[in-house]
Amino acid sequence: MSDRKIVYTVQFNDSMAGSKCKYVLKQTLPAAIYVSTDELKDLRRLKKLNSVFPRFVDIEVPTEKANSFDVFLRGVPKIEDNANLPIHYRYHAPHRVNRFASVHVPKSIIYINCPRNEEVILEKYTKFDSSIKYCLNFDQLTINPQTNESINDDSCNWMLLQQAYHAKSSLTANIPLGNKNAYTRVLYGTIFISWFAALWSVFHIFRQLERVKYKLSKQYENNANTHRGN
C-alpha cells in the first residue's frame, strides 16, 4: 500500500490464464479510508480499472461517524494482472494523548467464476472448493454462500479461491492527529483574530470614507471659488 493507492498484482498459473474464467477481488476498506466515486468512474471509463463500488461515498464525514465498505475489482485470469486502487484518508478527531491513528487495511479476498465444463479440470491445478458456491450481487455489493441449491444462475457460481498472499509493503498507515489539549487555545485565538480582523476592516472602511468626504468637500470648495471668480 502506497501513500494514495493500494497496488495489486494478481498472478495465475498457465491453466488458469488460458481458461474462460473471471474473478473478482473483494477489498474491505475501513472507516478511516474512502474512495472518490468520480475518480473510480473516470478510471472505469478509461478502462484503467474495472471496479464496482458504492453509488455514494460521503467524503466529508469524519472517521468516527463513517463505516467500512467493500470495493470489488473485476478481471480475467492472466499470468500477471495489475490494478491500482486510489484511496484517501478521512479526518480524525483530535486526541489528548495520541499523535497518530493506526489504520489497517484487511487482506483482500478473491472469488472466481468458471464455466461448468472447466471446473473439474481447474480443480487439479488450483486450490478452490467447487462444492461451495457463492452468490454475488454487484448492486448491493454483497457476496454470500449459496443457500438455495436449485438456483442455477451465473451470479451464484462464484467460488472462493485459496490464494497465496504476499504483501510487498505494510498494510498499516499512521494518520497524524490534532492535539485536543490545544483546542481551547486555538478556539479563543481564532475568535480573537476574527474579531480583530473585523474591527480593523470596519476602521479601515471608515478611514477611507473620511478621505473620500474630504476630497469631495475640497473639490466642492474649488468649484465654488471658481464660480465666484467668474
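Tabulated data
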quantity	calculated
PHE192 - accessible surface, heavy atoms, 1.4 Å probe, Å² rounded to 10	140 Å²
Tail fraction, Cα-Cα pairs, the range 4-178, threshold 23 Å, whole percent	47 percent
Flagged links, alpha-carbon separation over 19 Å, of LYS22/LYS48; LYS5/LYS78; LYS22/LYS47; LYS26/LYS107; LYS48/LYS78; LYS78/LYS107	LYS5/LYS78; LYS78/LYS107
Set of lysines near LYS65 by C-alpha distance (under 19 Å), chain-local residues within fewer than 8 positions excluded	LYS180
From phi via Karplus (6.51, -1.76, 1.60), per-residue ³J(HN,Hα) for the range 209-222 in Hz, x at Gly/Pro	5, 4, 5, 5, 4, 4, 5, 5, 5, 5, 5, 5, 5, 4
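The values are calculated or read from the model by the stated rules, or taken from the named source; none is laboratory data. Every value quoted in this text rests on a predicted model; they were computed, and no experiment measured them. Just the protein is used for accessible areas: all its heavy atoms, side chains included, with ligands, DNA and RNA removed. Shrake-Rupley method; radii C 1.70, N 1.55, O 1.52, S 1.80 Å.
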